[in-house]
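Beneath this line is the structure, given in structure tokens, with notes to follow.
The values are calculated or read from the model by the stated rules, or taken from the named source; none is laboratory data. Every value quoted in this text rests on a predicted model; they were computed, and no experiment measured them. Here Cβ is always computed from backbone atoms with ideal geometry, including for glycine, and neighbour counts include all displayed protein chains.
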Amino acid sequence: MKADIEHGLKTTVLTGFSDPRVGRDAWNALATRGSPGSVFSTHEWSSAWWSTYGRGRLLLIAAERNDEIIAIAPFFIDERMVYLVGAGGSDYLDLIGAPDRHTVSALLERAFAAEPDLLGMQMHLVPDSSSTASSLSEAAAALGITLYDEGDLVAPRLDLASDPTIVEAALRKKSLVRHENHFRRTGELRTVHSRDSEEILEQLDPFFEQHVERWSGTPNPSLFTEDAHRRFYRTLVEEARDAGWLRFTRVEWDGRPIAFHLGFCHDGTYLWYKPSFAIDLARNSPGEVLLKHLLHAAVEEGAATFDFGIGDETFKRRFATEILSVRTWGLYPKGASG
């Protein structure tokens with residue numbers, strides 16, 4: 001292929017997540033070169049997602065230079081469209097390995113050659129700060145395809161490292177302190193943090209049920225009403241048992257779980273991901289008590305960033321020190337109808 005030959009690149013299609021040419025450790029080492037702190041680029045997340053939600057045909061493309069894999073495109077093809085593995089349930093997606101513009105071109109060229117009559121490609125949730133995002137325009141022009149910006153979402157973050165006074169101010173916010181004090185005055189408040197996969201697996205069912213009750217009767221029912229989503233998180237916890245980034249928190253009040261959180265701390269970033277709380281106690285905001293204890297946990301383990309994930313909820317902006325953007329890019333052969 002043209003992009004391969006001109007820049008000493010070779011692209012090959014891997015047989016799957018167990019392909020011996022790139023093991024879990026090598027994949028994850030590449031992932032840390034890309035969007036920092038993104039657990040969604042790890043081998044564990046990608047393989048668990050594919051085993052649960054995979055549809056169509058998996059298309060893992062590796063880019064090599066001097067017989068070394070330098071990047072991976074975790075694609076799949078469904079109904080003549082190419083997508084990134086993880087498109088649905090992930091907060092950030094990207095090519096693996098921070099590829100330069102020549103490597104991005106080579107990976108895209110191989111993807112478009114993988115199947116005749118492709119309608120195009122949608123790359124969801126690519127951070128604006130990634131090397132992929134900055135390379136897509138040039139890659140599309142080189143390949144003679146049309147690039148469209150199909151919309152963005154924000155991702156608020158709290159910087160935990162550069163200014164300790166900002167973190168202290170966040171932890172002293174009146175609403176967090178007031179609600180925690182309420183539960184301490186009226187009973188015994190206890191927080192349990194778990195990293196062990198077996199401990200987490202034992203707590204998933206009550207977490208699922210609380211999440212379902214929390215969102216019952218709203219326009220957005222819990223995803224855990226569906227067995228596939230429960231199966232995904234069980235699979236993920238099992239896949240990541242040795243990864244070191246699983247974080248599960250249970251807040252108890254007089255022995256009763258009043259809030260849960262399933263999240264991650266990866267590459268210095270502590271991610272707010274799936275929280276729940278007892279809806280009958282909503283007046284006293286057990287969710288804010290949970291948030292306060294998660295901020296403490298992130299600080300105590302030396303995380304540099306507390307990432308609130310995608311979404312523009314008001315409470316996130318109350319704490320954020322920066323707002324990142326993620327974007328969906330559409331790439332289509334010239335003349336193709338969307």
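Worth pointing out:
- Residue check for His211: within 17 Å of Pro275 (Cβ to Cβ), under 19 Å from the mean Cα position of the chain (by Cα) and at pLDDT 95 or above: no
To keep it simple, each residue is scored yes or no on (1) over 30 Å from Gly120 (Cβ atoms); (2) among the β-branched types (Val, Ile, Thr); (3) surrounded by fewer than 20 Cβ atoms within 10 Å (Cβ to Cβ).
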site: Ala282; (1), (2), (3): yes, no, yes
site: Glu288; (1), (2), (3): yes, no, yes
site: Leu295; (1), (2), (3): yes, no, no
site: Glu301; (1), (2), (3): yes, no, yes
site: Gly311; (1), (2), (3): no, no, yes
site: Ile323; (1), (2), (3): no, yes, yes
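- Test: residue in the stretch 265-274 that is β-branched (Val, Ile, Thr), farther than 26 Å from Leu189 by Cα and either surrounded by fewer than 16 Cβ atoms within 10 Å (Cβ to Cβ) or touching a residue at least 60 places away in the same chain (Cβ under 8 Å) (or both): yes
- If only residues of the stretch 91-130 that are touching a residue at least 60 places away in the same chain (Cβ under 8 Å), part of a loop (DSSP other than H, G, I, E, B) and of a type in the set (Asp, Glu) are counted, the one that is surrounded by the fewest Cβ atoms within 10 Å (Cβ to Cβ) is Asp128.
- Hits in the stretch 76-87 (condition: touching a Phe, Trp or Tyr at 6+ places or on another chain (Cβ under 7 Å) and part of a strand (DSSP E or B)): Phe76, Val82, Tyr83, Leu84
- Figure legend. Inter-residue proximity from the stretch 37-58: first residues without any contact (Cβ under 8 Å) to a residue 24 or more places away in the chain, second residues among the hydroxyl-bearing types (Ser, Thr, Tyr) and assigned to a helix (DSSP H, G or I), beta-carbon distance below 6 Å, spacing 6+ or different chains. No pairs are indicated.
- Of Ser35, Ser47, Ser51, all but one fail to be at pLDDT below 95, closer than 16 Å to Ser90 by Cα, surrounded by 14 or more Cβ atoms within 10 Å (Cβ to Cβ) and among the polar types (S, T, N, Q); the exception is Ser35.
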